[in-house]
1. What Kirkwood hydrodynamic radius do you get for the chain when you take the inverse of the mean 1/r over all pairs of distinct Cα atoms, in Å?
2. Where Lys and Arg each count +1 and Asp and Glu each count -1, what net charge lies around Asp291 among other residues with Cβ under 10 Å from its Cβ?
3. Work out from phi, with θ = phi - 60° and the Karplus expression 6.51 cos²θ - 1.76 cosθ + 1.60, the ³J(HN,Hα) of each residue of region 322-329, listed in order in whole Hz, and give x for Gly and Pro.
4. Kindly provide the Kirkwood hydrodynamic radius of region 171-225 in Å, to one decimal, from all pairs of distinct alpha carbon atoms.
5. Where does the chain land at 222 nm, in deg cm²/dmol rounded to the nearest 500, when only DSSP H runs of n ≥ 4 count, each adding -39500 (n - 2.57), divided by all residues?
6. Run the 1.4 Å probe and let me know the accessible area of Phe192, rounded to the nearest 10 Å².
7. Here are some pairs, Lys274/Lys314; Lys314/Lys343; Lys187/Lys260; Lys113/Lys292; Lys250/Lys290; which of them have Cα atoms lying more than 22 Å apart in this structure?
8. Whenever you get a sec, compute what percent of the accessible area on the chain sits on carbon and sulfur atoms (1.4 Å probe).
Amino acid sequence: MCKDGWNNKSKNTVPLQLLITYLKPVKRNTITYEFDPGSQAERQPPQESDDHLLEASRLLRQGIQQQQAGELVAAIKSLQQSLGLFQVVGDLPKQAQVLSFLGLVTYSAGDYKGAISYSQQCLSLSEDRSDLALQMQALSHLGNAYRHLNDHKKAIEFLEKCLKITQQLQDKRSQVAALNNLGLVYKALANFTQAIEYQQQSLEIVRELKDNWGEEQVLKNLGNAWYALDNYPKAIAYYEQCVVIARSLKNVRTASQVLKNLGNACYALYDYAKAIKYYEERLQLAREIKDKRSEEQSLGSLGVACEALGNYNKAVTYYEERLLLARSIKDRRSEEEALARLKAACYALGDYAKIIQYEQGTSTNS
């Protein structure tokens with residue numbers, strides 16, 4: 001399940017020598033299984049006499065460490081070498097394990113066809129050995145990869161099988177992931193009612209587990225689903241809860257993203273004062289993390305909301321700031337939009353002299 005990015009806070013045990021964590025933000029609101037580097041110190045493989053096994057185990061640990069450091073290309077290379085050596089010695093359980101990890105890393109890298117190939121191989125080996133935990137992981141990777149390839153029928157098929165195994169194993173953390181990811185598939189199909197049903201179930205379990213990282217992600221997804229249904233009050237309710245948790249976790253980028261959605265939802269309800277409040281909070285966060293794009297967007301949103309309130313002077317101030325920022329980052333499109341907005345606001349104020357300046361591509365602040 002997928003960091004668009006999650007943190008390594010909740011653990012999900014799997015067989016063999018390794019533990020896997022899940023709920024790390026991999027991509028586009030998906031919740032996925034992740035490696036836990038700490039488990040390696042706790043569960044080193046037994047001393048092997050065979051050089052191939054020793055080297056294969058070393059490469060496996062190295063691949064996990066590289067993935068944790070965000071070095072996905074290097075991680076894939078190490079894991080592929082590890083897989084090759086385990087194939088040479090005929091260690092099928094370890095092959096299945098490495099294939100599962102390769103499925104995750106290639107998924108995280110956006111190579112969805114590669115993720116499907118590795119996960120299918122893992123599924124085949126784990127089914128032969130009746131290894132339910134590895135089957136669960138492979139099915140999850142398959143479902144998520146097919147979702148990104150827009151093959152929603154296959155995505156649902158694999159994720160439903162994954163969900164059944166999580167229930168069979170009474171693995172609540174993995175249930176959270178499976179339910180959330182099924183919700184994402186149904187949202188992609190515009191079946192928002194079904195999406196909300198799955199994600200609501202996911203939310204109940206993740207709260208029972210007191211997993212703040214997971215709860216933050218599920219709340220955001222629920223807010224997005226209600227927003228897509230134009231039910232802005234419910235979207236706002238979930239987004240507001242999400243922002244509180246994101247701030248407590250110091251997850252500034254998620255907070256910034258959700259504050260934008262909050263402002264937009266309030267604007268859609270004509271609550272311009274509240275929209276301005278959220279846009280201002282986002283602007284402050286954007287400046288804290290030096291996110292110029294979010295800063296530019298926030299300034300534009302603030303100008304529009306101030307215009308809606310009839311506060312054209314304040315709107316001009318925000319548009320002027322946006323214009324300067326757009327020029328500094330050489331964003332011609334945003335510069336043109338800011339100039340157009342400035343001219344419209346000045347027209348409303350009757351400041352025709354300034355309109356002429358903007359039409360000439362200049363301003364008092366340029």
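1. Here the Kirkwood hydrodynamic radius works out to 22.5 Å.
2. +3
3. 5, 4, 4, 5, 4, 5, 5, 9
4. Answer for region 171-225: a Kirkwood hydrodynamic radius of 10.6 Å.
5. Helix-only estimate at 222 nm: -24500 deg cm²/dmol.
6. Roll a 1.4 Å probe over it and Phe192 shows about 40 Å².
7. Cα-Cα > 22 Å for Lys113/Lys292; rest within.
8. Carbon plus sulfur share of accessible area: 48 percent.
The values are calculated or read from the model by the stated rules, or taken from the named source; none is laboratory data. Everything numeric in this text was worked out from a predicted model, so none of it was measured. Neighbour counts run over all protein chains shown; Cβ positions are idealised from the backbone, glycine included. Note: accessible area is taken over every heavy atom of the protein model, side chains too, but ligands, DNA and RNA are not part of it. Shrake-Rupley method; radii C 1.70, N 1.55, O 1.52, S 1.80 Å.
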